[in-house]
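Shown next, in C-alpha cells, is the structure this report addresses.
The values are calculated or read from the model by the stated rules, or taken from the named source; none is laboratory data. As the structure is a computational prediction, the values presented were derived from the model and not from experiment. Positions of Cβ are backbone-derived with ideal geometry, glycine not excepted, and every protein chain shown enters the neighbour counts. When the accessible area is computed, the model is the full protein with side chains, heavy atoms only, and any ligands, DNA or RNA have been set aside. Shrake-Rupley method; radii C 1.70, N 1.55, O 1.52, S 1.80 Å.
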Amino acid sequence: MSVHTIHDRLLNVLILNFIGTFIFGLSGGVLAVRKRLDLFGVMVLAGAAALGGGIMRDTLLGNTPPATLTDWRYLAVAAAAGVLSFLQYSWVESWSGLIKVFDAAGLGLFTVTGTSAALNAGIGQVPAAILGTLTGVGGGVLRDILAQEVPMVLRGEIYALASLIGAFIVILIRRAHLPIIPWDVFAALATFAIRMVSLWCGWHLPIARPRIDIESERMGL
Amino acid sequence: MSVHTIHDRLLNVLILNFIGTFIFGLSGGVLAVRKRLDLFGVMVLAGAAALGGGIMRDTLLGNTPPATLTDWRYLAVAAAAGVLSFLQYSWVESWSGLIKVFDAAGLGLFTVTGTSAALNAGIGQVPAAILGTLTGVGGGVLRDILAQEVPMVLRGEIYALASLIGAFIVILIRRAHLPIIPWDVFAALATFAIRMVSLWCGWHLPIARPRIDIESERMGL
Amino acid sequence: MSVHTIHDRLLNVLILNFIGTFIFGLSGGVLAVRKRLDLFGVMVLAGAAALGGGIMRDTLLGNTPPATLTDWRYLAVAAAAGVLSFLQYSWVESWSGLIKVFDAAGLGLFTVTGTSAALNAGIGQVPAAILGTLTGVGGGVLRDILAQEVPMVLRGEIYALASLIGAFIVILIRRAHLPIIPWDVFAALATFAIRMVSLWCGWHLPIARPRIDIESERMGL
C-alpha cells in the first residue's frame, strides 16, 4: 500500500470523525436551546456531547492530554455545531428526524474508532468493547447529566446495546484477521442499522418489574 | 513467608475485592430496577456502582488504563450482579437488609484496598485517605448521579465518615509498621462496624441550620 | 532575577491560589448548608468546589496524581472553608455579597494559573484556553451536579465567558512575549472585572428562542 493511499484512508477516517463530532454537537446544542440556555450554555452542551466520549476514552487509556482536546479542529467542529444550533434552531429542529439518522451514524462511527483505539492501546477485548461503547455514548451521558436529564443511555431505547454489538463486531474482525478498512465500515454500518431499525420498530429491551407492580396488575389496578 | 503463602493472601484479597464488587453491583442493579430502567440500564448502573470507585482512584493516580476496567473478571462480576438484580429482583429486594450489611462490608474493603493502593503509589497520607474514601464511596456517587438521585454520601447518614476513619486506621497501621495482613482486616472491620452501628442506632452527623430556621423555631413555628 | 525574588513570586502565586481555593470552598459549603446537608456533606461540597477544577485540569493533562490532591495544604484550606461554612453559616451568608466578589477573584486567578499550566504542558493555544476555563469553572460544575442543581455555568450569567476571555488574554501575553508577572495579574484582573461588571449591570448572553415561543408572543400570549 503506497503512502499516498494510507494518507487518503486516514483522511477518510478523520473526515468521518469530524462528521460524527458535528452531529453529536448538534444534539447537545439543540437540547440546550430547548432548555432555554444562553449562547455559552449552548456551546458548553454542544462541546460536552461532541467531545465527551473521546475525552473519557483517552483519559481512561492514559492518552493524556486527550486528542479531541488538543486538536483544534475537533474544537472548531463542535463550536460550529453549537453556533448553528443557536442561530438556526428552527431549521435544525425541523430536520430533527434526519438528526436521529446522523446521530446513529455518529454512534456507529465513534464506537468503531473508540474500540479500535482501545485495542491499539493493548488492553483486552472485553474492556476494549466497554471503552468503545463509552466513546459512543459518553458524550451523550455528559450532555444529559449537565442538562439535568436522565441519561438517554438509561432510558428504554436500544442505544448503548447497538454500540456494544458494534464494538464486539470490531473485536471479531481483529480476531479473524480480516482486513480493517472494509470490515470496520461494516461494523459501523451494523451499529447504525441496529439503532435505526430499533427506532423505527419501537424495539426496546425488557424492563424488570418490582413484584408489587405485578400484584397490582393481577388485582386489576 | 513462602511464595505459596503470599499467593494465598493475594488470592484472598482478590476474592474479597470480587465480593465487594458484586455487592456494590447489586446496589446499582436494584436501584435501576426500582427506577424502571431496562436490562441495559440495569447493567450500566450495576457497572457504575461496582467499578466506579476503583476507576476514579486509578485514573487520578495515573494507573491507566484502570485495573478494574482491564481485568475481565471485575467486569464479569459486575455484570453478574446486574443480571441477578434484573432476573431476581423480588428475591434481591427481600434480602435488602442483608444487602446493607454486605454494602457496609464492601465499603470497608474498598476503603482499605483503595487507601493501600494510594499509599503504594507514593502519595502523602492525607491524600491517600481521601483517595481511599473516594474508592469506597465513588461508585455509589456515580450510580446516584446517573440515576438522578442526591448522592447517598451527601445524605444525613454516617457513610463516608466511616470510610474516612477506616482510611486513617490504614495510615496509622503503616506509620506504626504493624503487620499488614491482620491489621488491614481490622481496619476494614472497623469501617464495617462504624457503618453498621450508626445504621442500627440511627446516628447521623449534625446539620447546620440557617438562622431563619432557628428563629422560626423560637417563635414556635 | 535573584533566587530570592523568584521564591517570593512563587510564594505569591501559591498564596493567591490558596485564597481562590478557600473562596471556592466557601461557595460549596454555603450551598451545602442551604441544602440542609450534614457536616460531611458540607465538607464534600466545599472540597468539590475548591479542588474540582484543578483536579480535572491535571487529570486531563496527565499530571497524575493531581497537585491539588497530593498537596495537603490545598486539602486543609478546602476543609477550613467547609468547617467555617458549617459553624458560621449566618455570618458567611451575611457576607455573601463579598463572597461573589471573592468568587470572581478566584475565577480570574484559577483561569490564569490553569491556562498557564496547560501552556507549560505543551498543548496548543485554543486547547489551553479551554483547559484554563475548565480550571476556573470545573469546581463549580462538580459542586452543582453533586447538589442536583443546574450548573451555574449553564445559567444565563456571564461567568464562563469572563473566564474564557481571561484565558485568551493569557495566550496573547505569551504570544507577545510580554513579561509574565505583571501581565498575568492583568489577565486575572480583567476576568474579575468582566465578571463583576456583568453582575452589577445584569448583563447576560442572548438566549435562543424556539419558534413556538416567538409565535406565542406575537399572538399576545
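Values for this structure:
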read-out	value
Cα gyration tensor, the range C:60-132 - rounded (a/c under 1.5), prolate or oblate	oblate
Mean separation of Cα contacts under 8 Å, 6 or more apart, over the residue count of the range B:65-178: relative contact order %	23
The protein assembly as shown, dipole about Cα centre (Lys/Arg Cβ +1, Asp/Glu Cβ -1), debye to the nearest 20	80
Of A:Thr64, A:Thr115, A:Thr135, the one that fluctuates the most in a GNM where chain A has Cα springs shorter than 10 Å	A:Thr64
Out-of-range pairs (alpha-carbon distance over 30 Å; input A:Lys100/C:Lys100; A:Lys100/C:Lys35; B:Lys100/C:Lys35; B:Lys100/C:Lys100; A:Lys35/B:Lys100)	A:Lys100/C:Lys100; A:Lys100/C:Lys35; B:Lys100/C:Lys100; A:Lys35/B:Lys100
Hydrodynamic radius of the range B:17-64 per Kirkwood, over alpha carbon pairs, in Å	11.0
Helix-only CD estimate at 222 nm, as mean residue ellipticity for chain B, using -39500 (n - 2.57) per DSSP H run (n ≥ 4)	-26500 deg cm²/dmol
Helical segments meeting 20 Å axial Cα length and Kyte-Doolittle 1.6 threshold in chain A (DSSP H)	A:160-175
Length-normalised contact order for chain B - Cα pairs under 8 Å, 6+ apart - percent	21
Share of pairwise Cα separations in the protein assembly as shown, more than 32 Å, in percent	52
Förster-model FRET efficiency, 41 Å R0, A:Ala76 and A:Val150, C-beta, rounded to 0.05	0.85
Distance (nanometres) between label positions extended 7 Å along Cα→Cβ at A:Ile99 and A:Ala193	2.8
Scattering profile of chain B at q = 0.07 Å⁻¹ [log10 I(q)/I(0), Debye over alpha-carbon scatterers]	-0.24
Accessible-area order (highest first, 1.4 angstrom probe) of the listed residues B:Phe24, B:Phe168	B:Phe168, B:Phe24
